[in-house]
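In what follows, a structure is listed as structure tokens, so that the remarks can point back to it.
The values are calculated or read from the model by the stated rules, or taken from the named source; none is laboratory data. Quantities reported herein were computed from a predicted structural model and do not represent experimental measurements. For neighbour counting, all protein chains shown are included, and Cβ atoms are generated from backbone atoms with ideal geometry for every residue, glycine included. These area figures cover heavy atoms from the full protein model, side chains too; ligands, DNA and RNA do not enter into them. Shrake-Rupley method; radii C 1.70, N 1.55, O 1.52, S 1.80 Å.
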Amino acid sequence: MKREKREAAQGLAIMIPVMINFFIFTCVPLFMLFWYSFRNYNVIKKVDVFNGFDNYIKIFTTPEYTSSFTTTILMAVILTLVSVFVSFFVGLGCTKVIKKQAVLRTVWYIPSIIPVYVITQILNNMLTYDGTMNKIFEIFGMPTQDWYRSTFWMYFWIIIITAWRNIGGTSLLFIAALGSVDKNVYEAADLDGATGIRRIWYITIPLIKPMFSFIFINAFIGACQIFEPVLFISNGGPDQTTKVILYRIYDEAFWNFKLGFACALSVVTAVFISIFSILGMVVSDSDMLKIKE
Amino acid sequence: MNKFVKKLLCGAMATAMLFGASACGNTNNNTSVGEDGSGVLRVWGINPISQPGYDQILEVDPENPTGVYSKWLIESFEEANPNIDIQLETAGWELDLNKNIMTAIAAGTQPDTMATATYTPLLSRYGHLAKLELAEEVETDLVTSLDDFCFHQGKRYAVPVTQMLFGIAINKGVLRKAGILNSDNTVAEAWVEYSPLAPKTWEDFLVICNAIKTWANGQSGENKDIGGFLNCPTSADSHVRCLAIMASAGGDFADNYGEVYLNSPANVKAYEYMRELWKSAPAGNQSVSSLGVLNAMFYEGKAAYAFMSPEEVAPIVSGGAYPNCKMEDMAWCELPNFEGVEKKGNVAVGGVLYAVLADGNNEVAAKKFIEHILSFEAQKKIFDIIGRVPVRKSVLKAIQEENTDWYKLNSYQVDPFLDESYEINKGIPVFENNTSLCWDAWNGMWQKVFTTDDDISTLLKNCHNKWVGYLAEEA
């Protein structure tokens, strides 16, 4: 008993600094975020007054902000689907390769450690009028593209670059999940004649469903917070069609100095992400996605 | 590893997480200063005063102009004021500076003096800046083009330190290729009346640019991409470049107090002109993603004309890195006028102001530093060392009289400050509210100017109405 109490005290002693850190740098800022979201708070104008739900009403009644939410959700859905499914197949491919698996994993992981700014600057050079991408289009007889004036292409490049950076880390999770599947199940499936896509659909995916759901939800949460690729590639254009909600928060805080309103935008964003994440968890746990035998 | 060591390591790592909390409540404004300003003077610097510190820059390049100027400025100030120790800090520019000053004001850690930009009126309006009283000889000697940003209710809160005007950079090599100039750089006979090396009117300028574009369209290889004038698309400071032409027509965006001028006949004229002018732009100009890429197009010889200054161009092309853009082929001229508009106009750009923070720790030393930056010697060195334009008329006159080669390249932006017939627009306005929404609306309109044939006056009217709505919102 004495020993148990001593070990408990030691554990607590290790936990206390972590909890203090969590309280100071997470809980307090979160509380302040909620607090200021109900206030008109502008540091430069020395204004700090309670204004009730005015900030929230403005968010839902101003087309610029509602369209940013729409843009964010759309981009997040596409990005999540691309990232997760490509990562799954990359993970699956890596598990099939016995030799040089570590090399493959490293190659796929490298993009995630390259700073976003570096990648986007290289991309911007490739997307100039006489840059690499248009030259490739010319080789294939396709017309040159005005990349930055096309909403489709800006979505495309932002999603491709972000997904490419995410694949490495996500595929490692899939590799871990796929590694936990009992090989006897596959042997039994082979005996029953289940191969290729049928094997993946009826055996692999159901067996790693919990991990799949976890990855999907996490990827979606991350995708909703996309910002740097938008800032460095499209800058919110063309004509604000790629201006995601985090960009609006950044504008409100640092161009307009409206910290209270930026806090309200952050709260609404967090609520939206939470709603979609909960929906995702509910759907993944329900029978809706049950694969019919 | 035994249990005790593991627990010790875990405990140490957990405790290390508390180190971040040690910075809480720390302010830099606790050092004591004397009544004469003795002590530390914190300066947030920007070109012409370097950031980060000049010593770091000079380690990389001992001849870096900003580093050399900053070294002289700070060391000469400290020599004249041995009790004051300058602490030069980095605070970024534009958004970075916005974020840093906002954080500093909220935390009470603002510097003593800082470089500011177009949001200076907001800082002075809300009491963050200290009033400045300059010696009369200095006050009457300063150029007045940035007064809208420096004064509030008749009192001075900031001083300009350097500023520039728009001029047109000319690549004679491109003009020779297009047959506008002869091989000896004299003007081809057919083009003499249009003065391609110093067009008098925007209308003449358009004729020249269209001719270059027509010639390029008949070429193959890299010449087919050449254009007349390098446009600035939405992602790269297009608003200030547009203002240059708007100001020439007598137009403007707004004032610093929310009065919007977008919907004016002068602006309609300017935007209709710009729509035509942008048709002569080099291929791919509209797809540029940043100012760096835009400037590279000029250095690659893709345009005969551009809004660029000698200070920008000379360091890049002097070394011969760009075969299609050689320093000996470069020339500059002042902005043309519109036909029928007699008064010459331009826009104050690249202005750097310095201000003293009202809640800084060492106001006395900060004001002495401001006086030092505005001294005749310091202002002259801005031109001699860095190549930027000073703001004291006596210094500008001295530069005119010296008539150096660098002055000859920059005469288009030195002389107007001494010419009372010139009307110099203050530059991009400061908005009290919704700055980003206003410029988003303008960027959308600007795109439509050169991607659609929509009626310009309707586009301007719609944007004007949006701005009025955004600016009328309560803060």
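Can you give the log10 of the normalised intensity I(q)/I(0) at q = 0.10, 0.12, 0.20, 0.22 Å⁻¹, computed with Debye over equal Cα scatterers of region A:78-214? Those come out to -0.47, -0.63, -1.14, -1.27, one per q. Once backbone amide H atoms are built at 1.01 Å from N, A:Gln145 has no partners under 5 Å, excluding neighbours fewer than 5 places away on the same chain. Pairs of Cα atoms under 8 Å, at least six residues apart: use those to get the relative contact order of region B:296-453, whole percent. Over region B:296-453, the number comes to 22 percent. Each peptide in A:188-194, A:198-204 receives the mean, over its residues, of other Cβ atoms within 10 Å, and ordering these scores from highest gives A:198-204, A:188-194. Distance between the modelled labels on B:Asn217 and B:Lys279, one decimal in nanometres: 0.8 nm (7 Å Cα→Cβ projection).
Across q = 0.12, 0.15, 0.18, 0.21 Å⁻¹, region B:174-253 modelled as identical point scatterers on its alpha-carbon atoms has Debye log10 I(q)/I(0) values of -0.43, -0.64, -0.85, -1.01, in the order of the q list.
Could you tell me what % of all Cα pairs in region B:98-161 have separations over 17 Å?
Numbers: 815 of 2016 pairs.
Of all Cα-Cα distances in region B:98-161, 40 percent exceed 17 Å.
Each part reduced to its alpha carbon centroid, region A:1-64 and region B:268-296 end up 47 Å apart.
The equivalent ellipsoid that matches the C-alpha gyration tensor of region A:22-159 spans semi-axes of 40, 26, 16 angstrom, in descending order.
Dimensions of region B:45-132 based on its C-alpha atoms, expressed as ranges along the principal axes with the largest first, amount to 40, 29, 21 Å. Using the Karplus curve 6.51 cos²θ - 1.76 cosθ + 1.60 with θ = phi - 60°, work out ³J(HN,Hα) for each residue of region B:342-348 in order, rounded to whole Hz, and write x for Gly and Pro. Once rounded to whole Hz, the list reads 7, 6, 6, x, 7, 10, 6. Taking max minus min of the alpha-carbon positions on each principal axis, the protein assembly as shown gives extents of 92, 73, 51 Å, largest first. Residue-wise HN-Hα couplings along region B:315-320, as the Karplus relation 6.51 cos²θ - 1.76 cosθ + 1.60 with θ = phi - 60° gives them from phi, are x, 7, 9, 4, x, x Hz; Gly and Pro carry x. Here the calculated FRET efficiency for A:Val282 and B:Thr458, from their Cβ-Cβ distance with R0 = 56 Å, stands at 0.70, rounded to the nearest 0.05. For region A:224-236, the Karplus equation 6.51 cos²θ - 1.76 cosθ + 1.60, evaluated at θ = phi - 60°, returns couplings of 5, 9, 5, 8, 4, x, 5, 4, 8, 9, 9, 6, x Hz by residue, with Gly and Pro reported as x. Less than 5 angstrom separates the built amide H of B:Gly427 from those of B:Ala348, all sequence-distant by 5 or more or on a different chain.
Tell me the relative contact order for chain B as a rounded percent, counting alpha carbon contacts under 8 Å between residues six or more apart.
On the way: 783 pairs, mean separation 108.3, N = 475.
Relative contact order, chain B: 23 percent.
Neighbouring Cβ atoms from other chains, within 10 Å of the Cβ of residues in B:120-128, number 2 on average. What angle do you read, to the nearest 10 degrees and between 0 and 90, between the alpha-carbon axis of helix B:435-451 and the longest principal axis of chain B? Here the helix axis deviates by roughly 20 degrees.
The label point for A:Phe34 and the one for A:Glu138, both projected 7 Å from the Cα toward the Cβ, are 5.9 nm apart.
Probing with 1.4 Å while keeping every protein chain in the model, the per residue accessible area of the protein assembly as shown equals 46 Å².
In this structure the amide hydrogen of A:Arg39, modeled in the peptide plane, comes within under 5 Å of the amide hydrogens of A:Asn51, none closer than 5 places in sequence on its chain. Based on C-alpha pairs under 8 angstrom that are at least 6 apart in sequence, chain A has a relative contact order of 30 percent. For chain B, the longest principal axis of the Cα atoms and the long axis of helix B:456-472 meet at an angle of about 20 degrees. For B:Lys6, the lysines whose Cα falls under 24 Å of its own Cα, not counting residues fewer than eight places away in the same chain, are A:Lys2, A:Lys5. Sorting the Cα pairs of region A:180-238 by distance into bins of 5 Å, from 0 upward, gives 4, 15, 16, 14, 10, 9, 9, 9, 7, 5, 3, 0 percent per bin.
Expressed as a fraction of 2.2 N^0.38 Å, the value expected for a compact globular protein of N residues, the C-alpha radius of gyration of chain B is 1.09.
With runs of 4+ DSSP H residues as the only contributors, calculate the mean residue ellipticity of the protein assembly as shown at 222 nm using -39,500 (n - 2.57) per run, divided by the residue total and rounded to the nearest 500. Using -39500 (n - 2.57) per qualifying helix, the result is -16000 deg cm²/dmol.
For peptide B:297-303, how many partner chain Cβ atoms fall within 10 Å of a residue's Cβ, on average? Partner Cβ neighbours, averaged per residue: 1.
Counting only other chains, and only Cβ atoms inside 10 Å, what mean value do you get across the residues of B:95-106? Each step should come with its number before you reach the end.
Numbers: counts 5, 1, 1, 6, 5, 1, 3, 7, 1, 1, 4, 4.
Partner Cβ neighbours, averaged per residue: 3.
Computed over the alpha-carbon pairs of region B:137-205, the distance histogram in 5 Å steps reads 3, 13, 18, 13, 7, 6, 8, 11, 10, 7, 3, 0 percent, short to long. List the residues of region A:37-53 whose accessible area drops by at least 20 Å² when all protein chains are present, compared with their chain alone, using a 1.4 Å probe and counting only protein heavy atoms. Checking the loss per residue gives A:Asn40, A:Val43, A:Ile44, A:Lys45, A:Lys46.
Radius of gyration over Kirkwood radius for region B:316-475, both on Cα atoms: the Rg/Rh ratio is 1.05.
For the listed residue pairs B:Lys200/B:Lys279; B:Lys213/B:Lys380; A:Lys258/B:Lys426, the alpha carbons are over 31 angstrom apart in B:Lys213/B:Lys380.
Compute the Cα gyration tensor for region B:62-217, then decide on rounded, prolate or oblate, letting a ≥ b ≥ c be the square roots of its eigenvalues: rounded whenever a/c is under 1.5, prolate when a/b is larger than b/c in the other cases, and oblate in all that remain. Since a/c reaches 1.5 and a/b is larger than b/c, the shape of region B:62-217 is classed as prolate. Angle of helix B:3-16 to the longest C-alpha principal axis of chain B, folded into 0 to 90 degrees and rounded to 10: 60°. Taking packing as the residue-averaged number of other Cβ atoms within 10 angstrom, the listed peptides B:93-99, B:180-186 run from highest to lowest as B:93-99, B:180-186. Across all directions, the average projected area of the convex hull around the alpha carbons of region B:224-265 is 4.3 nm². Treating each Cα of region B:380-475 as an identical point scatterer and summing with the Debye formula, the log10 of I(q)/I(0) at q = 0.19, 0.25 Å⁻¹ comes to -0.83, -1.23. Looking at the square roots a ≥ b ≥ c of the eigenvalues of the Cα gyration tensor of region A:179-278, which shape do they give, rounded for a/c under 1.5, prolate if a/b is larger than b/c, or oblate? Prolate, since a/c reaches 1.5 and a/b exceeds b/c.
Put simply, when B:340-346, A:48-54 are sorted by average Cβ atoms within 10 angstrom per residue, most first, you get B:340-346, A:48-54.
A Stokes-Einstein calculation at 37 °C with viscosity 0.692 mPa s, built on the Kirkwood radius of chain A over Cα pairs, returns a diffusion coefficient of 145 µm²/s.
What translational diffusion coefficient, in µm²/s and rounded to a whole number, does the Stokes-Einstein relation yield for region B:219-321 at 37 °C and a viscosity of 0.692 mPa s, taking the hydrodynamic radius as the Kirkwood radius over Cα pairs?
After rounding, the answer is 219 µm²/s.
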